[in-house]
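The values are calculated or read from the model by the stated rules, or taken from the named source; none is laboratory data. What you are looking at is a predicted structure, and each value in this text was computed from that prediction instead of being measured. Cβ placement follows ideal geometry from the backbone for every residue including glycine, while neighbour counts extend to all protein chains displayed.
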Amino acid sequence: MDDTTTENLKRTPLHALHEELGAKLLPFAGYEMPVQYPMGVKDEHLWTRTQAGLFDVSHMGPCFLSLADGIGGGDDAHAEIAALVETLVPSDIASLKEGQARLTVLLNEEGGILDDLIITRPIGEDAQGS
C-alpha cells in the first residue's frame, strides 16, 4: 500500500486544530499537513504580514551532534561542534550561548541552499557534545 494514503500518515498535535480551521490537508514527509486554509493563500499571506502566523513544526525531527573523541561537555565541545557545523551553514554557531537558537540554511557544495534549519545550543554542561 502507498505510504501517502491517509491511513498511514502521522498527525501532529495540531492536526485537530488544522481540521477545525478548514485546512486543506495533504501528505508531506509522512504526515498529513495543512497547505492552505479557506481564506486562500493571498489573504493568509496578508494576515500573517499584518498580524502573526503559526507554523506547525511538529513533523520536523531533531538531530543531536556528539563528539566521537569524547572530550566531554562544556565550551570546548561546543566550539569543536560549532566549527564543524559552520562548514555547512553561513552562520555564526560558535557564539551561541546555552539555550540560544539560530535560524540558518544548510548549504550544498556550491553554496546553494538545500534547506532551512534551526540550530540550538543545548542547556547544561553535559549536553554540550559529550
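Provide a single number: the residues in the range 77-110 that are over 30 Å from Leu25 (Cα atoms) and touching a residue at least 12 places away in the same chain (Cβ under 8 Å). Within the range 77-110, residues that are over 30 Å from Leu25 (Cα atoms) and touching a residue at least 12 places away in the same chain (Cβ under 8 Å) number 19.
No other residue among Val35, Val41 is under 30 Å from Glu7 (Cα atoms), in contact (Cβ under 8 Å) with a residue 12 or more places away in the chain and β-branched (Val, Ile, Thr) apart from Val35.
Applying the set (1) acidic (Asp, Glu); (2) at pLDDT 95 or above; (3) farther than 30 Å from Ile123 by Cβ to Glu86 leaves exactly one unmet item: (3). Filtering the range 46-80 to residues that are loosely packed, with under 12 Cβ neighbours inside 10 Å and farther than 20 Å from Ala94 by Cβ leaves Arg49, Thr50, Gln51, Ala52, Gly53, Leu54, Phe55, Val57, Gly61, Pro62, Gly70.
Out of the residues in the range 19-39 that are touching a helix residue (DSSP H, G or I) at 6+ places or on another chain (Cβ under 9 Å) and small (Gly, Ala, Ser), state the one that is surrounded by the fewest Cβ atoms within 10 Å (Cβ to Cβ). By that ranking, first place goes to Gly30.
The set of residues in the range 81-119 that are surrounded by 14 or more Cβ atoms within 10 Å (Cβ to Cβ) and not aliphatic (A, V, I, L, M) comprises Glu86, Ser91, Glu98, Arg102, Thr104.
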